[in-house]
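Input: a single structure, listed below in structure tokens.
Just so it is clear, none of the values below were taken in a lab; they were calculated from the coordinates. For clarity, every value in this text was computed on a predicted model and none was experimentally measured. So basically every Cβ, Gly included, is an ideal-geometry build from the backbone, and we count neighbours across all protein chains shown.
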Amino acid sequence: MVSLVGGQCSRARVESLTRMNEGVVLAAQKQYLAAVEKLQSAAAIDPTNDQAYWNLAIVHMEMQRFDAAADDLRRAIDINPQAAGYHEKLGTVLMELEQWDQARESFERAIEIDTHLFKAYYKLGQIAERQDDPQTALQRYDQAVREGPRFIQGYRALGRLYADLGYQGEAVQVLQAGLQVVIPGTEDEAELHHLLGTVYQQQRNYDGAVEQFRAALQIQPAMREALFSLGWTYGLQNNREEARRYLKRYIDLAGAEAPAHYLKAAQDRLGQLEGP
């Protein structure tokens, strides 16, 4: 009798895994409704199949159904509470739902299980900033780059926050460290150069700022933020010709998505530079 029950359980698990895999294939083909149906049937056949709930959550996230995704992940966690990735993903979903305290608890649980989850530290930093706790945010971003030394988002966030808090020296160190590990020629490198340039500008190191903004534009010639920043910095150096050149390029490329106050500032500054 025991072996019969065991055989039935084994067959149920095999059928559940088969349907789950079919659901994953459908999801990869963006047939999300059919994928949900397959994955729900997989979970119904074997309610202990936590991976079915995990994959169902991923599909619901693709469908922007975050409440459903949170429910799926909680079911997966009930079955396998030691899966750090389940807690981390639940935190991400709860951030989408703007449930900040619950999201923080999920990420904290994730790093209790696995202390190397650098993205969990990063998202804890984002939550801390959201909740006006910059010192905790600094700590979490620092942990993110320590655990993920090539995680460029972490360097950007940590460097930006240091600069926002007035710690320009620390910001420079962090951003320079990021430039040591970033993949050359990428958008990430351009953004690090631009951010480092803004910190140099705050320090009134205008030559350093110009160098960084030009490095960003060498990678992304149409990077609007760098065009504006370079033109503005040349203006601060009283290099009127180069200031006009880059501010004009910024205005030409600004488009509808450009912040209105930046566009107005560029136009006003250009008008001053073209005067006597």
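Annotation note: Cβ proximity below 7 Å between a residue of region 34-50 that is acidic (Asp, Glu) and a residue that is part of a helix (DSSP H, G or I) (sequence gap 6+ or interchain) occurs for Asp46/Ala12; Asp46/Arg13; Asp46/Ser16; Asp50/Ala76; Asp50/Ile79. Where helices (runs of 4 or more DSSP H) fall entirely within region 1-120, those with at least 2 residues that are closer than 25 Å to Gln143 by Cβ are at 66-79, 84-96, 100-113. Within region 41-100, the residues that satisfy the criterion of being surrounded by fewer than 20 Cβ atoms within 10 Å (Cβ to Cβ) and either among the aliphatic types (A, V, I, L, M) or in contact with a Gly (Cβ under 9 Å, 6 or more places away or on another chain) (or both) are Ser41, Ala44, Ile45, Ile58, Met61, Met63, Ala68, Ile79, Ala83, Ala84, Leu97.
Just one residue in the set Gly166, Gly197, Gly159 is at positive phi and either of a type in the set (Gly, Ala, Ser) or touching a helix residue (DSSP H, G or I) at 6+ places or on another chain (Cβ under 6 Å) (or both); that residue is Gly166. Among the conditions (1) closer than 24 Å to Thr186 by Cα; (2) surrounded by 18 or more Cβ atoms within 10 Å (Cβ to Cβ), the only one that Ser106 does not satisfy is (1).
Restricting attention to region 13-35, the residues being over 12 Å from Ile45 (Cβ atoms) and β-branched (Val, Ile, Thr) number 2. Checking each residue of region 169-185 against the condition of being assigned to a loop (DSSP other than H, G, I, E, B), of a type in the set (A, V, I, L, M), surrounded by fewer than 18 Cβ atoms within 10 Å (Cβ to Cβ) and touching a residue at least 24 places away in the same chain (Cβ under 8 Å) gives no match.
Scanning region 125-150 for residues that are closer than 21 Å to Gln99 by Cα and either among the β-branched types (Val, Ile, Thr) or outside any helix (DSSP H, G or I) (or both) yields Ile127, Gln131, Asp132, Asp133, Thr136. Restricting region 196-228 to residues that are in contact with a Leu (Cβ under 6 Å, 6 or more places away or on another chain) and crowded, with 23+ Cβ neighbours inside 10 Å, the residue that is farthest from Tyr250 (Cα to Cα) is Leu196.
Residues in region 218-229 that are free of Cβ contacts under 8 Å to residues at least 24 places away in the same chain and in a helix (DSSP H, G or I): Gln218 only.
Summed over region 151-168, the residues that are under 15 Å from Asn205 (Cβ atoms) and either hydrophobic (A, V, I, L, M, F, W, C) or not in a helix (DSSP H, G or I) (or both) give a count of 1. With aliphatic (A, V, I, L, M) and touching a His at 6+ places or on another chain (Cβ under 8 Å) as the only criterion, which of Ile127, Ile113 stands out? Unique residue meeting the criteria: Ile113.
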